[in-house]
Amino acid sequence: MELRVFEKYPDLSIGAAAMMINYIERKPDALLCFATGDSPKLAYQLVAETIKREGTDISKCFFIGLDEWLGISPDNTGSCHYFLQQYLFGPMGVESSQSCLFDAMTTNEEEECKKMNKIIAERGGIDLMVAGIGMNGHIGFNEPGTDINSMAHVARLDEITQEVGKKYFTEEVAISKGITVGLKQVLQAKTLLMMASGKKKAPVIKRAVEEKTGTHWPASLIQQHANGVLMIDTEAASELVTQFR
């Protein structure tokens, strides 16, 4: 794992965007998996702006979403589907044939998981995964205690995830279940980029970086990833034993 600490959130976003763009330029047919949330939002906007401005060819790339709230319509502004379309896929000009997002309204959850597993397997695994870190250490909806060999699956969300998730919605919604790419697929990604910012993430990062790795705190598993890159700002790094500046 490589740890990169940036002074402020905008600097972190610029660094993450540059890494994503560089990856696409080096591997034009990459399979890219994207998380949603506050941490990667600005980076995604910068990626889309740069790709449109530079005319970067993304026609051979394929894009998937890391997770989704089950039972939430894709046109709900709090859905992962809406987020990725709004901040990345739409501005970047991604064709519908180039992406696959979990169908949150599916009546067959098992088939939805199989579909995502098939896409990932047929393309030789995920090339670049961009993920945030939950307040309970989750990656996607791989909650604490998730089987390390899990593939795409439906997860029952713990109370912390449900409580934090409320901020994304303008109305009261039931978000007790999610569907997500599994930990095995996360760890098999050829490059894993994880992002976190802000003082509230400081204790989360401390555990991810300094604790013994394990599924009790899924984010700690990045320590054992050969091409894992953890990008954070100084506030998120503030509780680490070694202070980075």
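Observations
- A Cβ distance below 6 Å, combined with a sequence gap of six or more or placement on separate chains, defines the contacts here; from region 217-245, residues that are of a type in the set (Asp, Glu) reach residues that are in a loop (DSSP other than H, G, I, E, B) and modelled with pLDDT of 95 or more in the pairs 233/8; 233/197; 235/198.
- Test: residue in region 150-158 that is more than 22 Å from residue 126 (Cβ to Cβ), at pLDDT below 95 and among the hydrophobic types (A, V, I, L, M, F, W, C): no
- Any chance residue 205 is outside any helix (DSSP H, G or I) and either surrounded by 17 or more Cβ atoms within 10 Å (Cβ to Cβ) or touching a Cys at 6+ places or on another chain (Cβ under 6 Å) (or both): no
- Of the residues in region 48-71, none is aromatic (Phe, Trp, Tyr) and either free of Cβ contacts under 8 Å to residues at least 24 places away in the same chain or assigned to a helix (DSSP H, G or I) (or both).
- Matching residues, region 184-205, being more than 14 Å from residue 134 (Cα to Cα) and not basic (Lys, Arg): 185, 186, 187, 188, 189, 191, 192, 193
- Scanning region 102-117 for residues that are closer than 14 Å to residue 33 by Cα and either exposed (fewer than 15 other Cβ atoms within 10 Å of the Cβ) or of a type in the set (Phe, Trp, Tyr) (or both) turns up just one, 102.
- Residue in region 12-27 that is touching a helix residue (DSSP H, G or I) at 6+ places or on another chain (Cβ under 7 Å) and part of a loop (DSSP other than H, G, I, E, B) present: no
- Matching entry among 121, 189 (being more than 15 Å from residue 37 (Cβ to Cβ), in contact with a Cys (Cβ under 9 Å, 6 or more places away or on another chain) and not charged (D, E, K, R)): 189
- Counting only helices (runs of 4 or more DSSP H) wholly contained in region 102-199, the ones carrying 3 or more residues that are closer than 26 Å to residue 231 by Cα and free of Cβ contacts under 8 Å to residues at least 40 places away in the same chain occupy 159-165.
- Output for region 92-101, where each listed residue is surrounded by 13 or more Cβ atoms within 10 Å (Cβ to Cβ) and part of a helix (DSSP H, G or I): 92, 98
The values are calculated or read from the model by the stated rules, or taken from the named source; none is laboratory data. Values in this document were obtained by computation on a predicted structure and should not be read as measured data. All Cβ positions, glycine included, derive from the backbone under ideal geometry; neighbour counts span all protein chains shown.
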